[in-house]
Amino acid sequence: MSDGNNELGLAAAPAEVKLAVDLIVLLESNNIAPEVALAALKIVSSDLENKLKPKT
């Protein structure tokens, strides 16, 4: 059952919160083990941090 208040809250949420919710739903709906998800997220985090570094 959907709660309209929660949907409105998410619609007004910052982009990073919306993305986090989407990622959680994706991981859970695909039955990804938490330890696998965390390991993958560390790789993703490292990749994104490298992209933020200035190019020399």
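The values are calculated or read from the model by the stated rules, or taken from the named source; none is laboratory data. Everything numeric here is computed off the predicted structure, so don't read it as measured data. The accessibility values were calculated without ligands, DNA or RNA, using every heavy atom of the protein model including side chains. Shrake-Rupley method; radii C 1.70, N 1.55, O 1.52, S 1.80 Å.
Can you tell me which residue among GLU28, GLU16, GLU49 is part of a helix (DSSP H, G or I) and over 15 Å from the mean Cα position of the chain (by Cα)?
Values: GLU28 fails: over 15 Å from the mean Cα position of the chain (by Cα); GLU16 fails: over 15 Å from the mean Cα position of the chain (by Cα).
Result of the check over GLU28, GLU16, GLU49: GLU49.
Exactly one condition in (1) open to solvent by 70 Å² or more (accessible area, probe 1.4 Å); (2) at pLDDT 95 or above is not met by LEU8; state its number.
(2)
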